[in-house]
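The values are calculated or read from the model by the stated rules, or taken from the named source; none is laboratory data. This is a predicted model, so every value here is computed, not measured. Neighbour counts run over all protein chains shown; Cβ positions are idealised from the backbone, glycine included.
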Amino acid sequence: MNKLFLQHTYHVTRKAAVSILISVSVLRCVQVTMRRKLTLWARFCLVLALLPSQTVMSVDLGSEWMKVAIVKPGVPMEIALNKESRRKTPIAVCLKENERLFGDSALGVSVKNPKFVYRHLQSLLGKKHDNPQVAVYRKRFPEHHLVKDESRGTVLFSNSEEMQYSPEELLGMVLNYSRGLAQDFAEQPIKDAVITVPAFFNQAERRAVLQAAQMAGVKVLQLINDNMAVALNYGVFRRKDINSTAQNMMFYDMGSGSTTATIVTYQTVKTKESGSQPQLQIRGVGFDRSLGGFEMELRLRDHLAKLFNEQKKTKKDVRENHRAMSKLLKEAQRLKTVLSANAEFMAQVEGLLDDMDFKAKVTRVEFETLCADLFERVPGPVEEALSSAEMFLDEIEQVILVGGSTRVPKVQEVLLKAVGKEELGKNINADEAAAMGAVYQAAALSKAFKVKPFLVREATVFPIQVEFTREMEEEDGSRSLKHNKRILFQRMAPYPQRKVITFNRYTDDFAFYINYGDLSFLGQEDLRVFGSLNLTTVQLSGVGSSFQKHTDAESKGIKAHFNMDESGVLLLDRVSTVELLIECEFYDLYELGNTISSLFGGGSSEPNANVTEPVQVTLYSVTILMLQDLTDRDLEKQEREKTLNSLEAFIFETQDKMYQEEYQAVVSEEEKEAITAKLSQASAWMDEDGYSASTKELREKLQDLRKLCKAMSFRVEERRKWPGHLAALESMLNRSSFFLRSAKLVPEDDRIFTDVELKTLEKVINETTTWKNNTVAEQEKSSPTERPVLLSKDIESKWSLLDREVNYLLNKAKFAKPKAKASNNNSTTSESSSSKTNSSKMEEKPTGQNTDSPSRSQPTDKTESTGTSVIGTVSAIATTFLRVRMGTRLPLQFLTT
């Protein structure tokens with residue numbers, strides 16, 4: 001998988017560090033006398049080379065669940081496990097009494113206090129308070145009190161005047177939590193992320209997600225449509241099967257909250273930059289915003305409530321009790337899953353209402369009857385996708401299932417009949433495909449990694465156009481207003497893409513409107529949920545004065561530069577005429593009050609372009625402070641729990657150690673009594689006051705106990721290290737002595753090492769041997785309850801000193817050259833004479849060539865052969881020494897010298 005998908009490139013610092021390491025090796029060969037300084041420098045560079053590289057993440061943000069994936073060096077693509085070691089996490093936030101819980105912990109609270117648990121936030125993003133989707137949410141979750149945000153026109157969750165949260169703020173908390181999960185799993189800080197959104201998200205919804213991410217401190221590399229992420233994951237894993245022949249696939253994704261059908265074309269295309277590369281293109285998209293597994297679960301919940309009321313175990317209506325309905329919803333979720341594999345199942349909830357238990361049998365036939373109208377809507381997205389792609393079913397090679405709700409047998413049955421295929425494709429991970437595709441894209445966008453190119457062409461689901469009104473002169477001389485439309489992005493137009501609209505006949509200030517185009521393909525209910533068709537109104541000023549100041553310049557019209565970026569967000573870069581900037585004022589119907597001042601903003605990447613003053617995106621300062629305060633409380637809570645656990649563990653483990661033989665051997669009776677008494681006091685304090693104590697009190701108590709037991713633990717730890725350390729030192733002494741004796745046996749004329757060098761090594765060996773013998777003898781005489789005389793750090797120091805001296809000689813032997821010797825004076829005279837005679841005929845030798853060295857064609861004399869043999873012998877001894885030394889089982893810190 002590593003070779004197929006991700007080819008890591010390291011940071012500049014890592015590359016530089018490796019280069020420095022190579023340089024250090026060369027310098028060390030040339031100038032061995034600087035070995036100590038170079039060793040320190042090499043260690044520094046090694047630390048640089050091992051610095052952690054940047055890690056990126058993806059968040060598959062569904063309506064009910066999220067999946068988090070990471071990419072880091074050594075881990076190409078992997079799903080990050082949450083604190084419960086699960087691969088997916090519920091999107092749920094619990095805010096109660098200054099306590100914040102997420103995921104499964106939050107859902108655990110929902111069955112007791114559902115009004116404090118917020119979930120299914122996706123359906124409220126970017127919605128005005130009067131949007132039909134808000135009314136649906138109120139019906140589904142009556143325990144929540146939704147109020148109008150007067151400043152923004154959107155909605156707030158309100159428990160009190162002090163506790164009011166927007167959907168974007170709550171989603172920001174979820175994204176911050178997802179980053180925490182990724183960081184814990186990667187063991188590295190993470191800032192950059194690719195986040196999935198539904199393909200049918202409009203501009204307001206996309207900007208709401210970006211706002212939530214900004215609140216969470218997450219840098220969004222891209223908002224990627226979840227259908228694109230799935231298609232990318234599928235294509236990357238089947239790169240070798242993609243060729244120049246177009247292959248059309250349909251991905252049918254039914255999740256918890258919605259259903260999307262996507263037609264994707266795979267084929268290889270030629271590019272100027274990198275030749276032939278695989279490409280995927282989104283050809284058609286169809287969707288149903290409210291068709292999903294959650295609606296099935298709600299119907300099962302209501303069915304269970306009806307069955308309980310019919311049992312008449314209490315006079316109360318269970319539907320009026322929010323807590324009881326939350327319990328039934330949890331059971332309905334389990335029931336839907338079980339009925340996908342079984343024909344019937346016994347639903348049961350203990351203490352549902354008034355301490356009355358509930359138990360009733362539900363069959364798959366009953367479930368399918370309850371959801372009959374939902375199953376009738378299954379083919380709808382398929383038909384819409386084919387229509388938008390202008391394709392037929394026989395052009396689709398395979399229909400592939402994605403999303404957890406496609407596991408419902410009836411869904412597969414209806415879909416299979418609708419597409420007319422022999423079978424449905426199940427060769428993709430229905431739950432994790434989007435997260436894995438998104439994290440691949442994150443790696444591609446990050447500068448820390450290099451991935452094999454896979455070209456993607458995303459498509460605009462909703463067309464966008466520019467509208468303006470211009471005064472026209474009629475034939476009779478009268479003037480009238482004409483309404484004009486210019487298509488900016490057609491339906492299924494590829495993006496990212498830049499567009500320029502030119503207004504030719506304006507000489508004074510005017511306004512134009514950016515609206516959604518023809519949305520007749522949406523049903524009436526979808527249109528009501530969609531909201532206003534107007535994105536923004538742009539008022540241009542300074543047009544007239546611009547023309548008056550430059551009457552001599554040729555007018556090329558007024559140009560408005562638009563950009564649909566990688567996230568599918570529309571930006572207006574600038575508006576200009578005669579190369580001069582024109583001021584723009586925006587009136588955004590989707591404006592989020594103080595949160596986003598305008599729909600548009602950004603700059604141009606074109607050289608020498610006039611760029612408008614960027615529209616600022618200002619966040620609620622109060623919101624940021626509130627979220628930071630909640631985050632600080634979470635961290636404080638985690639720190640307290642960590643300290644509490646550490647204190648409990650220390651007390652229990654130390655009490656157990658006092659009965660272990662190795663601890664009893666080093667502790668006097670007085671010390672044992674003092675430690676035991678202190679541990680008993682701490683244990684009693686924990687039972688009475690410890691669990692309500694502050695983090696500071698717990699930390700101080702732990703520090704006192706550790707200080708009391710420090711000397712005892714030190715003595716035990718030293719005695720554990722002695723055998724291995726002493727054996728390593730003894731082995732080093734033996735090998736060093738062998739090396740010294742071998743070096744001394746080399747004839748004096750052929751010696752590589754000087755007398756001073758050999759005497760220095762001999763001195764170190766003798767001093768080390770004496771120190772070891774004396775210190776070991778002294779330690780044997782001392783009491784085990786006293787501070788040791790023989791210390792492991794001293795053994796390491798002696799070993800390192802000896803190793804350094806031997807290494808110096810080893811390197812010298814390794815790079816030594818044989819000495820060249822003349823056989824007799826006559827030959828020397830003859831060679832000299834010959835050299836003078838032929839000097840005019842010889843070619844000049846290259847600079848730096850050793851003129852004393854014999855030519856390759858000349859035979860080496862006997863003395864040189866002997867010298868080479870001696871050098872080879874010493875080198876062999878050095879090699880043997882190195883192999884033996886590295887084969888010894890030494891502590892890790894020894895081997896890093």
> Within the bounds of region 699-715, is there any residue that is out of contact with any Ser or Thr (no Cβ under 6 Å at 6 or more places or on another chain), small (Gly, Ala, Ser) and part of a helix (DSSP H, G or I)?
Replying inline: yes
>> Every residue in region 272-294 that is touching a residue at least 60 places away in the same chain (Cβ under 8 Å), surrounded by fewer than 18 Cβ atoms within 10 Å (Cβ to Cβ) and not in a loop (DSSP other than H, G, I, E, B), please.
In response: GLN277
> What about MET492, is it assigned to a loop (DSSP other than H, G, I, E, B) and crowded, with 17+ Cβ neighbours inside 10 Å?
Replying inline: yes
>> Considering only region 732-754, I want to know if a residue exists there that is surrounded by fewer than 16 Cβ atoms within 10 Å (Cβ to Cβ), out of contact with any helix residue (DSSP H, G or I) (no Cβ under 6 Å at 6 or more places or on another chain) and under 17 Å from THR775 (Cα atoms).
In response: no
> Which members of region 406-449 meet the condition of being within 17 Å of GLN222 (Cα to Cα) and not aliphatic (A, V, I, L, M)?
Replying inline: GLY437, TYR440, GLN441, SER446, LYS447, PHE449
> Under 6 Å by Cβ, and 6 or more places apart or on different chains, what pairs join a residue from region 657-680 that is farther than 16 Å from ARG787 by Cα with one that is exposed (fewer than 12 other Cβ atoms within 10 Å of the Cβ)?
Replying inline: none
>> Looking at LEU488 and the list (1) under 30 Å from the mean Cα position of the chain (by Cα); (2) outside the structural domain of SER387 (by TED's automatic domain parsing), which single condition is not satisfied?
In response: (1)
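Residue-wise test of (1) closer than 19 Å to LYS447 by Cα; (2) over 14 Å from the mean Cα position of the chain (by Cα); (3) part of a loop (DSSP other than H, G, I, E, B).
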residue: MET57; (1), (2), (3): yes, no, no
residue: SER63; (1), (2), (3): no, yes, yes
residue: ALA69; (1), (2), (3): yes, no, no
residue: PRO76; (1), (2), (3): yes, no, no
residue: LYS83; (1), (2), (3): no, yes, yes
residue: ARG86; (1), (2), (3): no, yes, yes
residue: LEU95; (1), (2), (3): no, yes, no
residue: ARG100; (1), (2), (3): no, yes, no
> Just checking, which of LEU698, LEU679, LEU705 is in contact with a Phe, Trp or Tyr (Cβ under 8 Å, 6 or more places away or on another chain) and surrounded by 14 or more Cβ atoms within 10 Å (Cβ to Cβ)?
Replying inline: LEU705
> Does VAL269 satisfy the criteria of being assigned by TED's automatic domain parsing to the domain that holds VAL111, surrounded by 23 or more Cβ atoms within 10 Å (Cβ to Cβ) and of a type outside the set (Asp, Glu)?
Replying inline: no
>> Condition first: without any contact (Cβ under 8 Å) to a residue 24 or more places away in the chain and part of a helix (DSSP H, G or I). Now tell me which residues in region 121-166 satisfy that.
In response: VAL134, ALA135, TYR137, ARG138, LYS139
> Does PHE141 satisfy being in contact with a strand residue (DSSP E or B) (Cβ under 9 Å, 6 or more places away or on another chain), of a type in the set (Phe, Trp, Tyr) and buried (at least 22 other Cβ atoms within 10 Å of the Cβ)?
Replying inline: no
> Can you spot a residue in region 295-313 that is in contact with a helix residue (DSSP H, G or I) (Cβ under 8 Å, 6 or more places away or on another chain), among the basic types (Lys, Arg) and assigned by TED's automatic domain parsing to the domain that holds MET391?
Replying inline: no
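So that you can scan it fast, the table gives a plain yes or no per residue for (1) within 31 Å of the chain's Cα centre (by Cα); (2) in a loop (DSSP other than H, G, I, E, B); (3) at pLDDT below 95:
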{"site": "THR262", "(1), (2), (3)": "yes, no, no"}
{"site": "LEU298", "(1), (2), (3)": "no, no, no"}
{"site": "LEU307", "(1), (2), (3)": "no, no, no"}
{"site": "ARG323", "(1), (2), (3)": "no, no, yes"}
{"site": "PHE367", "(1), (2), (3)": "no, no, no"}
> Can you tell me which of PHE141, PHE200, PHE185 is aromatic (Phe, Trp, Tyr) and farther than 28 Å from ALA443 by Cβ?
Replying inline: PHE141
> What number goes with the only condition from (1) surrounded by 15 or more Cβ atoms within 10 Å (Cβ to Cβ); (2) in contact with a Pro (Cβ under 8 Å, 6 or more places away or on another chain) that ALA438 does not pass?
Replying inline: (2)
